[in-house]
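Q: The structure under discussion is supplied below as structure tokens; questions concerning it will follow.
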Amino acid sequence: PEGPIAALGAALGSTVGRLFRVTPRQRRALLIAGCAAGIGAIFRCPLGGALFAAAVLYREPEFEADGIVPGFIASVVGYTAFMSFWGFGEPLLPGAGRLVFTSAAELPPYLLLGVLCGLVSVLMGASFRVVSDHLLPRSRLPYWLAPAVGGLATGALACLLPQVMDGRYAFVRNMLDGSMLATDGVVDWWWWTRLLALVVVGKCVATALTVGSGASGGVLGPSVFIGGATGALCG
């Protein structure tokens with residue numbers, strides 16, 4: 001639901017701007033606000049929704065300044081409206097509230113995590129380019145057949161690594177609450193490290209095969225999954 005709600009929220013914001021015949025600059029601010037409201041609601045994080053919308057849609061700094069305050073307001077309102085129907089107190093990732101900052105000694109691992117996430121982002125982008133710019137043109141498949149072949153390849157990968165098919169963050173949730181790691185010493189930490197590394201790489205490849213081949217889908221949800229798995233790998 002993450003990718004569609006970002007697009008729908010942005011489209012609603014732009015439509016409101018056209019309806020009231022505001023200036024193009026104001027319409028862009030409304031587009032940011034609509035995207036922020038959708039992301040803040042579906043992820044249940046109004047602060048994150050506003051920051052995401054202001055950062056992901058624009059490359060020119062002057063537009064971000066205009067959109068970030070409306071984005072905060074719209075994101076809080078969108079989150080409040082959403083939770084009024086679904087009920088408060090149920091975060092997307094249960095247990096995250098117990099993770100608190102206690103010491104500056106905790107900061108160095110996040111330096112490593114930042115570098116690691118940057119490298120994984122490069123890998124994800126390269127995977128897309130390989131599929132969409134190299135494999136797909138060379139295959140000369142019809143446009144209607146390419147997504148089917150990409151889906152078949154993704155399914156074959158999932159037979160070897162089922163975690164890549166997780167679209168609801170169950171794998172990340174189980175890593176977060178520790179239930180997946182409760183193996184009573186059957187496997188060691190290096191086994192988990194290898195598995196998580198395979199999941200990160202496999203999810204990058206599976207997403208590239210799916211979306212890069214022209215199939216329906218987006219990269220926002222997979223990016224969240226890959227980021228969470230990369231954090232678990234770093235841990």
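The values are calculated or read from the model by the stated rules, or taken from the named source; none is laboratory data. These numbers were taken from a predicted model, which means no experiment stands behind them. Virtual Cβ from ideal backbone geometry, glycine too; neighbours counted across all protein chains shown. With ligands, DNA and RNA removed, areas are computed over all heavy atoms of the protein, side chains included. Shrake-Rupley method; radii C 1.70, N 1.55, O 1.52, S 1.80 Å.
Q: Residues that are closer than 25 Å to Pro94 by Cα and polar (S, T, N, Q): does the stretch 203-218 have at least one?
A: no
Q: Now for a separate question. If I go through the stretch 157-191 residue by residue, how many of them are in contact (Cβ under 8 Å) with a residue 12 or more places away in the chain, in a helix (DSSP H, G or I) and within 23 Å of Leu116 (Cα to Cα)?
A: The qualifying residues number 9.
Q: Also, quick follow-up: Collect the residues in the stretch 41-71 that are among the charged types (D, E, K, R) and at pLDDT 85 or above, keeping them in residue-number order.
A: Here is the first cut: in the stretch 41-71, the ones among the charged types (D, E, K, R) are 44, 59-60, 62, 64, 66.
Answer for the stretch 41-71, where residues must be among the charged types (D, E, K, R) and at pLDDT 85 or above: just Arg44.
Q: Now for a different question. Here is a list: Gly3, Gly13, Gly17, Gly38. Which entry is assigned to a helix (DSSP H, G or I), closer than 23 Å to Gly167 by Cβ and either more than 14 Å from the chain's Cα centre (by Cα) or modelled with pLDDT of 90 or more (or both)?
A: Working: Gly3 fails: either more than 14 Å from the chain's Cα centre (by Cα) or modelled with pLDDT of 90 or more (or both); Gly13 fails: closer than 23 Å to Gly167 by Cβ; Gly17 fails: closer than 23 Å to Gly167 by Cβ.
Exactly one of Gly3, Gly13, Gly17, Gly38 is assigned to a helix (DSSP H, G or I), closer than 23 Å to Gly167 by Cβ and either more than 14 Å from the chain's Cα centre (by Cα) or modelled with pLDDT of 90 or more (or both), namely Gly38.
Q: Within the stretch 136-187, count every residue that is touching a Phe, Trp or Tyr at 6+ places or on another chain (Cβ under 7 Å) and at positive phi.
A: 1
Q: Mind checking which residues of the stretch 134-156 are more than 16 Å from Thr210 (Cβ to Cβ) and part of a helix (DSSP H, G or I)?
A: From the stretch 134-156, those more than 16 Å from Thr210 (Cβ to Cβ) are 134, 137-138, 140, 142; that's our starting set.
If the condition is that a residue be more than 16 Å from Thr210 (Cβ to Cβ) and part of a helix (DSSP H, G or I), then His134, Pro137, Arg138 are the ones that fit.
Q: Can you tell which of Ala33, Ala74 is aliphatic (A, V, I, L, M), open to solvent by less than 50 Å² (accessible area, probe 1.4 Å), at pLDDT 90 or above and more than 24 Å from Gly217 (Cα to Cα)? Steps first, answer last, please.
A: Working: Ala33 fails: more than 24 Å from Gly217 (Cα to Cα).
Going through Ala33, Ala74 in turn, just one is aliphatic (A, V, I, L, M), open to solvent by less than 50 Å² (accessible area, probe 1.4 Å), at pLDDT 90 or above and more than 24 Å from Gly217 (Cα to Cα): Ala74.
Q: Please count how many residues of the stretch 189-226 are among the aliphatic types (A, V, I, L, M) and open to solvent by 10 Å² or more (accessible area, probe 1.4 Å).
A: Total meeting the criteria: 11.
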